[in-house]
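Engineer: This structure is in structure tokens; I'll ask about it shortly.
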Amino acid sequence: MRCPFCSCDNSQVKDSRPTEDGAAIRRRRQCEECGARFTTFERVQMRDIIVVKKDGRRQPFDRHKLTRSVTLACRKRPITADQIELLVSSIQHKIETSGENEVEAIRLGQMTMEGLRTLDSVAYIRFASVYKDFTEARDFEDFARSVIEAARE
């Protein structure tokens, strides 16, 4: 495994353990050249999934892109990295076990919103503001109102 700090190809595994959801192995590594420590995750890839964008473009599913989006929505919220990892793993698992080789970006966004809704209402609204392309403050107000009303029911 290449060191992210010095790009040396030699690193030593110091600790391995399964992630909370059991879908991956978390490995703590130490670079043999510079001594830096870093973490890697090893997970099974069941099949290559293609994301179909609104405009018809197709691109490979990128777990890191989804993780970045969710992390950004959860920024400065009381949500742990493990909770984010669990949410992303859950979404990826649903996609991979659906039996389809393609998933529409709209469906991917909906799955992410469903997961965030149960995790944190502020993160849910943040993600929705980008996903639903809010253009003015009124869009936030209307959506936040619907979230509050749904929570009361």
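Engineer: Near residue 65, which lysines are there with a Cα under 25 Å away, not counting those fewer than 8 places off in the same chain?
Structural biologist: 53, 54, 76, 94, 132
Engineer: Sticking with this one: Please build a GNM for the chain, connecting alpha carbons under 10 Å apart, and tell me which residue among 24, 128, 73 fluctuates the most.
Structural biologist: Between 24, 128, 73, it is 24 that shows the largest mean-square fluctuation.
Engineer: Show that you can apply the helix-only estimate: for the chain, add -39,500 (n - 2.57) for every DSSP H stretch of four or more residues, divide by all residues, and state [θ] at 222 nm to the nearest 500.
Structural biologist: -14500 deg cm²/dmol
Engineer: Now, a different point. How long are the three semi-axes of the equivalent ellipsoid of the chain, in whole Å, if each is the root of 5 times an eigenvalue of the C-alpha gyration tensor, listed from largest down?
Structural biologist: 33, 19, 15
Engineer: Could you tell me how many degrees, from 0 to 90 and to the nearest 10, lie between the Cα long axis of helix 81-96 and the main elongation axis, the longest principal axis, of the Cα atoms of the chain?
Structural biologist: For helix 81-96, the angle is close to 80 degrees.
Engineer: Within the stretch 132-153, name every residue whose backbone N is under 19 Å away from a label modeled 7 Å from Cα of residue 55 along the Cβ vector.
Structural biologist: 132-134
Engineer: The stretch 103-153 to the stretch 1-34: how many Å between their Cα centroids?
Structural biologist: One Cα centre to the other: 35 Å.
Engineer: Now for a different question. Taking neighbour counts of Cβ atoms within 10 Å as a proxy for exposure, in what order, fewest first, do 147, 51 appear?
Structural biologist: The order, fewest Cβ neighbours first, is 147, 51.
Engineer: If you don't mind, another one. Hey, can you grab everything whose amide H is under 5 Å from the amide H of residue 50? Only 5+ residues off in sequence or another chain; H modelled, so Pro and N-termini drop out.
Structural biologist: Close amide H contacts, sequence-distant or interchain: 61, 102, 103.
Engineer: Taking the dipole about the Cα centre of the chain, with the C-beta of Lys and Arg at +1 and of Asp and Glu at -1, give me whichever of 143, 110, 93 is farthest to the positive side.
Structural biologist: Comparing the listed Cα positions along the dipole, 93 ranks first.
Engineer: Among the trypsin sites (Lys or Arg not before Pro) in the stretch 57-153, which ones are in a DSSP loop with at most 16 other Cβ atoms within 10 Å of the Cβ? Mind listing them?
Structural biologist: Loop-located and lightly packed - 57, 75, 76, 132.
All of the numbers you see were taken from the coordinates with simple rules; none came from a lab. This is a predicted model, so every value here is computed, not measured. Glycine also receives a Cβ, built like all others from the backbone with ideal geometry; neighbour counts cover every protein chain displayed.
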